[in-house]
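The values are calculated or read from the model by the stated rules, or taken from the named source; none is laboratory data. Source: prediction; values computed, not measured. Positions of Cβ are generated from backbone atoms using ideal geometry, with glycine treated the same way; all protein chains shown enter the neighbour counts.
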Amino acid sequence: MTLSEKWSIVTRTPDPIKTCEGSIRDTAPSRSRWRNSIDGASIGSDSEIDKICSGVSSLSPREFEVLCLVATGMTNYSIGMELGISERTAREHIARIMLKLRVASRVEIAVVATKWEFLNLMRSGQR
């Protein structure tokens, strides 16, 4: 059993990377369709939604994979093992993610990833 499969069991979701993949680049053009259906108190203001969308859209595919793994609570070492990269490379990806998302901690990365997933669910009507 791979590390990803173990985490999927723990978090009760399918593979965390596959859960997030496919939605990274397709939201920005269609934001106006679902923005009005989101309760501002539940996700944030328009400026916060714009910050999330622009930040996540600016991530490279590898950074997005790392974002998904950080959101599941994985350590740098575990992320490195999962993606076949060194712990230091994982740490550098996380540092770049923090800069692009304008956040200061791994917890804030997880919050942004959770809000991003919520926005995508709202957009697709799977509320």
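Among the residues making up the stretch 45-56, those that are surrounded by 16 or more Cβ atoms within 10 Å (Cβ to Cβ) and more than 16 Å from ALA104 (Cα to Cα) are ILE49, CYS53. I'm checking my understanding of the structure. Among residues of the stretch 57-78 that are in contact with a Pro (Cβ under 8 Å, 6 or more places away or on another chain) and part of a helix (DSSP H, G or I), which one is surrounded by the most Cβ atoms within 10 Å (Cβ to Cβ)? Among those that are in contact with a Pro (Cβ under 8 Å, 6 or more places away or on another chain) and part of a helix (DSSP H, G or I), it is LEU69.
Of the set (1) part of a helix (DSSP H, G or I); (2) of a type in the set (S, T, N, Q); (3) out of contact with any Ser or Thr (no Cβ under 9 Å at 6 or more places or on another chain); (4) at pLDDT below 90, all apply to SER37 but (1). Just checking, does the stretch 80-97 include any residue being surrounded by 17 or more Cβ atoms within 10 Å (Cβ to Cβ), modelled with pLDDT of 90 or more, out of contact with any Pro (no Cβ under 6 Å at 6 or more places or on another chain) and under 15 Å from LYS51 (Cα atoms)? Checked the stretch 80-97: at least one residue is surrounded by 17 or more Cβ atoms within 10 Å (Cβ to Cβ), modelled with pLDDT of 90 or more, out of contact with any Pro (no Cβ under 6 Å at 6 or more places or on another chain) and under 15 Å from LYS51 (Cα atoms). Under the condition of being surrounded by 13 or more Cβ atoms within 10 Å (Cβ to Cβ) and basic (Lys, Arg), the residues counted in the stretch 98-127 number 4.
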